Structure formats: C-alpha cells, structure tokens
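K.L.:
Quick one: the structure is below, and I'll ask about it shortly.
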C-alpha cells in the first residue's frame with residue numbers, strides 16, 4: 001500500500017470523508033468513515049432525526065474510487081466524479097455509525113473508470129450502485 005494514501009486526496013477538512021484506508025490497490029479500495037455527532041451536516045439534516053445526507057455517502061464512495069483510480073500516481077492526477085448510476089439507499093447512516101466504503105473497478109476506457117461501490121454499516125448495505133470517475137492531469 002502507498003504511504004499515507006489519504007494525503008493524496010485533493011479534499012481537506014471539512015470535505016474529506018475518509019478516515020482510514022483498510023485496503024488499496026489499482027483495482028479495489030476499502031475505507032472507513034467514522035460518523036460523529038459533531039459533523040456539521042447533522043445540524044440541519046434533519047434536526048429532529050439527524051442522518052448523513054445521501055450525497056455525502058456518494059461523495060465518500062467517490063473519494064475512495066478516486067484513490068483507487070489514482071493508485072501509483074498520487075499528486076500527478078485528479079479524479080473527478082463524472083456520473084452517478086443507479087445508486088440506491090437502503091439504510092440511514094447516523095451519528096456513531098462506522099461507514100465502510102468499498103470501491104471496485106468494473107472497467108476503464110481512456111480517462112474514465114466505472115466502479116461498483118458500496119457503503120456498509122455493521123455489514124448491512126446503506127448504499128450501493130455505480131460511479132464513473134474521470135481523470136485529469138498527467139500520468
């Protein structure tokens with residue numbers, strides 16, 4: 001595994017949604033996001049029943065997919081979310097949950113990669129679908 005792969009993310013606090021990388025290769029990544037009660041989004045989403053917004057769950061999976069796509073090219077390229085395909089939400093994510101993100105490359109074409117992604121809480125699927133990532137920069 002690369003040294004400190006989180007440091008190669010172009011994201012910084014408060015928009016970095018990966019806390020720990022468990023597995024990382026050019027084909028697959030597994031990472032953890034510890035969802036804490038002091039997350040800013042809980043203040044308004046929703047005040048009576050705070051849950052992690054679905055778009056931020058997608059962003060968590062996309063950040064991991066970007067690390068997979070950039071494996072071995074840290075700092076030279078930036079991966080951008082190009083398309084969200086058939087993402088389904090199956091369980092709410094709340095404060096105290098540990099969100100496990102999984103991103104696996106299905107196929108690549110030129111500067112694009114299609115990923116199967118999942119977000120799990122306690123081994124239960126919170127969200128799953130496909131993301132397409134696009135690379136910009138030199139390799």
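K.L.:
Surrounded by 20 or more Cβ atoms within 10 Å (Cβ to Cβ), more than 12 Å from the chain's Cα centre (by Cα), touching a residue at least 24 places away in the same chain (Cβ under 8 Å) and within 28 Å of residue 72 (Cα to Cα), is that true of residue 113?
P.N.:
On the way: surrounded by 20 or more Cβ atoms within 10 Å (Cβ to Cβ): yes; more than 12 Å from the chain's Cα centre (by Cα): yes; touching a residue at least 24 places away in the same chain (Cβ under 8 Å): yes; within 28 Å of residue 72 (Cα to Cα): yes.
So residue 113 fits the description; yes.
K.L.:
Collect the residues in the stretch 7-50 that are buried (at least 18 other Cβ atoms within 10 Å of the Cβ), modelled with pLDDT of 95 or more and part of a loop (DSSP other than H, G, I, E, B), keeping them in residue-number order.
P.N.:
17, 18, 35 - these are the residues of the stretch 7-50 that are buried (at least 18 other Cβ atoms within 10 Å of the Cβ), modelled with pLDDT of 95 or more and part of a loop (DSSP other than H, G, I, E, B).
K.L.:
Which residues, counting only those in the stretch 51-72, are assigned to a loop (DSSP other than H, G, I, E, B), at pLDDT 90 or above and surrounded by fewer than 24 Cβ atoms within 10 Å (Cβ to Cβ)?
P.N.:
Across the stretch 51-72, the qualifying residues are 51, 53, 71.
K.L.:
Separate question: Any idea which residue in the stretch 122-139 is nearest to the chain's Cα centre (by Cα), counting only those that are surrounded by fewer than 19 Cβ atoms within 10 Å (Cβ to Cβ) and closer than 21 Å to residue 19 by Cα?
P.N.:
Among residues in the stretch 122-139 that are surrounded by fewer than 19 Cβ atoms within 10 Å (Cβ to Cβ) and closer than 21 Å to residue 19 by Cα, the one nearest to the chain's Cα centre (by Cα) is 128.
K.L.:
Can you name every residue in the stretch 43-81 that is farther than 18 Å from residue 101 by Cβ and either touching a residue at least 60 places away in the same chain (Cβ under 8 Å) or under 15 Å from the mean Cα position of the chain (by Cα) (or both)? Talk me through it step by step, then tell me what you get.
P.N.:
Within the stretch 43-81, the subset farther than 18 Å from residue 101 by Cβ is 43-50, 72-78.
72, 73, 74, 75, 76, 77, 78 - these are the residues of the stretch 43-81 that are farther than 18 Å from residue 101 by Cβ and either touching a residue at least 60 places away in the same chain (Cβ under 8 Å) or under 15 Å from the mean Cα position of the chain (by Cα) (or both).
K.L.:
Next up: Here is a check on your reading of the model: is residue 78 farther than 23 Å from residue 122 by Cα and surrounded by fewer than 17 Cβ atoms within 10 Å (Cβ to Cβ)?
P.N.:
yes
The values are calculated or read from the model by the stated rules, or taken from the named source; none is laboratory data. Bear in mind the structure is a predicted one, so any value in this text is a computation, not a measurement. No Cβ is skipped: glycine too gets one built from the backbone with ideal geometry, and neighbour counts run over all protein chains shown.
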